[in-house]
Amino acid sequence: MKKVDNYIFDFYGTLVDIWTDEHEQRLWYEMAAYYSVYGRDYAPAAFEDRYWSYVREAEAKLADERGYLYPEIDLTDVFLRLYREAPRTHETFMQISEDRLGEWIAGAANIFRIISRKRLGPFPSTIPTLQRLKDEGKKLWLLSNAQKVFTMPEIEATGLAGFFDKMYISSDYQMRKPQREFMQRLLREQNIDPKNAVMIGNDFSTDMKIAADTGVAGFFLNTDKHTADEMIRGKASLYPAEIELIPSGDIAEILM
């Protein structure tokens, strides 16, 4: 693949190794207990049911309003709704004032993430590769399907915050990959010719598709251990897009 000046990265599964489990019962038990401390009472199962119901409702509403096939809600709105619409409440000396509620909701979202997160860290070649690109004068951009409220702390915790010229996080834009307008916004705002950019990601249906749909070449990192046949089919599904497969999943190979 020819050299370009703009490198657009996915985050999760591309630059960092992460594992979360939002179906573990402990998560919902702990979240219900946390809300109860602040006077909002849920049974764990009810908290889980309402969380997913509110997510689905918010996604459907946003899709209808914006006309997006791939809407991205802001989960802080869900955690706020869970606080305001608790089935039972009780008086507590831990009452949250309205002027502090936004900060509390951000904290609740991060507690949710921390409990559900089992593993997080950059892949071994991530930081050396990004540093090499920066040293060569390349522009680095992040285009991530993510929730800013807890993704920014994770970007900072993994030591990657300082590498990017700008970060495009889907919850800020109400759309997610492969919604082509998401990539188009980055290209337009940064005045980037698609032929002078490459998308680096680990998912054919999001990262490589949005690249293909906007005329951007792609590096596919096989960090999820797909078989050779699976990768060939994934690439073929996006023909004639320019996609280079990296079967090892090692991001350092984009430098070769």
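Taken together, the values in this text are just the output of simple stated rules run on the coordinates, not laboratory data. Note that this is a predicted model, so its numbers are computed, not measured. Here Cβ is always computed from backbone atoms with ideal geometry, including for glycine, and neighbour counts include all displayed protein chains.
Quick check on the exposure proxy: order 97, 171, 125, 53 from fewest to most C-beta atoms within 10 angstrom.
Details: 97 7, 171 21, 125 18, 53 12.
Result, fewest neighbours first: 97, 53, 125, 171.
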Under a Cβ-only charge scheme (Lys and Arg +1, Asp and Glu -1), can you give me the dipole magnitude of the range 20-118 about the Cα centre, in debye to the nearest 20? 200 debye
What number does the chain give for Rg over Rh if you use C-alpha atoms and the Kirkwood radius? 1.01
Using only alpha carbons, build the gyration tensor for the range 19-63 and give me the equivalent ellipsoid semi-axes, biggest first, whole Å. 21, 14, 8
Distance between Cα centroids, the range 163-189 to the range 65-135: provide it in whole Å. 19 Å
Peptides 3-10, 205-212 ordered by average Cβ neighbours within 10 Å, highest first: 205-212, 3-10
Please determine, in degrees from 0 to 90 and to the nearest 10, the orientation of helix 148-157 with respect to the longest principal axis defined by the Cα atoms of the chain, where the helix direction is its Cα long axis. 60 degrees
Calculated diffusion of the range 20-118, Stokes-Einstein form, Kirkwood radius summed over Cα pairs, 10 °C and 1.306 mPa s, µm²/s: 112 µm²/s
For the range 76-157, restrict the atom set to alpha-carbon positions and state the Rg and Dmax in Å. 18.4, 59
For the range 5-28, list residues with backbone N below 17 Å from a point placed 7 Å from the Cα of residue 224 toward its Cβ? 10-22
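Within the set of other residues whose C-beta is less than 12 Å from the C-beta of residue 80, count the net charge using Lys and Arg as +1 and Asp and Glu as -1. Walk me through the numbers on the way to the answer.
Numbers: positive: 40, 81, 84; negative: 74, 77, 85, 98, 103.
Combined, the nearby Lys, Arg, Asp and Glu give -2.
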Checked against the positive end of the charge dipole of the range 20-118 (+1 on Cβ of Lys and Arg, -1 on Cβ of Asp and Glu, about the Cα centre), the farthest of 38, 80, 70 is 38
The orientation-averaged projected area of the Cα convex hull of the range 123-256, in nm², is 8.0 nm²
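Return a whole-number percent for the relative contact order of the range 20-118, with Cα pairs under 8 Å and 6 or more residues apart as the contact set.
Numbers: 91 pairs, mean separation 37.7, N = 99.
Value for the range 20-118: 38 percent.
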In Hz, Karplus ³J(HN,Hα) per residue of the range 176-183 (6.51, -1.76, 1.60; θ = phi - 60°; x = Gly, Pro): 9, 4, x, 4, 4, 4, 5, 5
Within the range 199-242, backbone nitrogen closer than 17 Å to the virtual label 7 Å beyond the Cα of residue 55 toward Cβ: none
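Only counting other Cβ atoms within 10 Å, I'd like 166, 134, 225 sorted with the fewest neighbours first.
Working: 166 12, 134 16, 225 8.
Ascending number of Cβ neighbours within 10 Å: 225, 166, 134.
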Residues 127, 232, sorted so that the one with the fewest Cβ neighbours within 10 Å comes first: 232, 127
